[in-house]
Amino acid sequence: MNPANPQREQLWVNARLATFDPAIRAPYGELKDHVLVVRGERIESVVPATDPSVIRLSGEVHDCGGRWLTPGFIDCHTHLIYRGNRAAEWEMRLAGVPYAEIARRGGGILNTVRATRALGEAELVTVALPRLRALEAEGVTCLEIKSGYGLSVEHELTMLRAARRIAQAGSVEVSPTLLAAHAVPPEFAGRADDYVDLIVNEMIPLVAREKLAEAVDAFCEPIAFTLPQCKRVWTAARKHGMAVKGHVEQLSNSHGAGNLAHHGAWSADHLEYLDAADAAAMAVWGTVAVLLPGAFYFLREQQKPPVDLLRAASVPIALASDLNPGTSPFASLRLAMNFACVLFGLTPEEVLAGVTREAARALGRGDRLGTLTHGKQADFLVWNVQHPAEIVCELGISRLQWRVFRGRVEHVAD
Ligand code: DI6
Ligand code: FE
């Protein structure tokens, strides 16, 4: 896609701006009667409509007719790239076989690894595209993409190169993450520590050198990797200048979240079993809590993440789809947003902040994305709604009118 003309100015008028600017006290950071001025790929300013400077502005005028504008949505935890589906395993789970048992029998993640390894870079893009398009149609302008279904040097790199191709296609911003520590591959069965050696000594240095990922993730659970193994992965990542994050406290408490915080992590994800000490550490180090209600729902978990504890400790809360074929098989951030309200008790305002301002922080992009403020990238959405809560409440219908990515306007619906 062509980049937006760097000089061209756009005036977005007659909109209610849900800025999510923390400096604005109103719910949703609302600004009424303001003009959003875009130049090229950036938000140049947000000025009162009565400001004399507005008259002097020239450019393309977009009349929003009183509609709401939000920042572009950011899906900060996805496994977008994989082949096939695991509906047969889901059927088994519905019949009572636990997820961990399926994993122990060689199903689960390893099932998807076998399917995914058979594809090359271009084919991986092809199978991921329908999922990407579904997210974009809901207003996603930035997403994280994890590897983790390759589990060898060659196959993890192929997945990350496929993610790079998606980024280069230019319809969305991509934050690529190395998730080699997702499961122990069959070649290393019974030798998890040797596989961690491979991740630490070969994969991380190579991925850092080729700049194929920004961050390194690890799945810290008894069915995946122990805390000492994850710590080795996170330490190596930091040594190579990469950000860290983790799948932690989802099915048990391993204190992964507290350890991530001490590694200066971007985020700790899942967190159903998070305790107060680790929440406090996250607050101190600015580690974002990424809640993943889709996995909670599909696994029919009972233990909810401690939302009140996160609020009391002032830990920033983001949420994401966790799109993956096993535990969260749906390409819909809006569904995850709805689940977060209904299942976890977040407010619609927290949820919308959680896929904009806080999700941007969870991807190390808090300075560049996530709010409608001067200097940020011009990624925003125009909604045909009376109130922002409608975006979260009403499923199965799209009220998205325009999706703007880096200043390029895409008309979504009439
Ligand atoms: N994210 C993951 O990576 C695992 N659970 C989760 O919430 C499982 C992914 C899978 O089963 O393929
Ligand atoms: Fe995940």
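Taken together, the values in this text are just the output of simple stated rules run on the coordinates, not laboratory data. Every value quoted in this text rests on a predicted model; they were computed, and no experiment measured them. Cβ placement follows ideal geometry from the backbone for every residue including glycine, while neighbour counts extend to all protein chains displayed.
Once the Cβ-Cβ distance between residue 193 and residue 95 is put in as r, and R0 is 30 Å, what FRET efficiency do you end up with, to the nearest 0.05? Please report the intermediate quantities before stating the final value.
Details: r = 35 Å, r/R0 = 1.17.
In this case the efficiency is close to 0.30.
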Between 0 and 90°, nearest 10: helix 227-239 axis offset from the chain longest Cα axis: 50
Alpha-carbon centroids, the stretch 228-290 and the stretch 34-49: separation in whole Å: 37
Acute angle (nearest 10 degrees) that the helix 333-344 long axis makes with the longest principal axis of the chain, alpha-carbon atoms: 70
Stokes-Einstein diffusion coefficient of the chain, Kirkwood radius over Cα pairs, 37 °C, 0.692 mPa s, in µm²/s: 152
Computed [θ] at 222 nm, helices only, for the chain once each DSSP H run of length n ≥ 4 contributes -39500 (n - 2.57): -10000 deg cm²/dmol
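Mind checking the stretch 1-107 for trypsin sites (Lys or Arg not before Pro) that DSSP puts in a loop (not H, G, I, E or B) and that have at most 10 other Cβ atoms within 10 Å?
The qualifying sites are 25.
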Taking 45, 58, 267 and counting other C-beta atoms within 10 Å, the order from fewest to most: 58, 45, 267
Rg over Rh [alpha-carbon atoms, Kirkwood Rh] for the stretch 100-245: 0.96
Cα centroid separation, the stretch 137-172 to the stretch 371-414 (Å): 24
Estimated FRET transfer efficiency when R0 is 25 angstrom, pair residue 168-residue 202 (beta carbons, to 0.05): 0.50
Beta bridge orientation in the chain: antiparallel %, DSSP, nearest 5: 45
Tilt relative to the chain, helix 121-137 - C-alpha long axis, 0 to 90 degrees, to 10: 40
Cα-based Rg and Dmax for the stretch 207-274, where Dmax is the largest Cα-Cα distance (Å): 11.4, 36
In the chain, lysine pairs with alpha-carbon atoms under 28 angstrom apart (chain gap of 8 or more, or interchain): 16
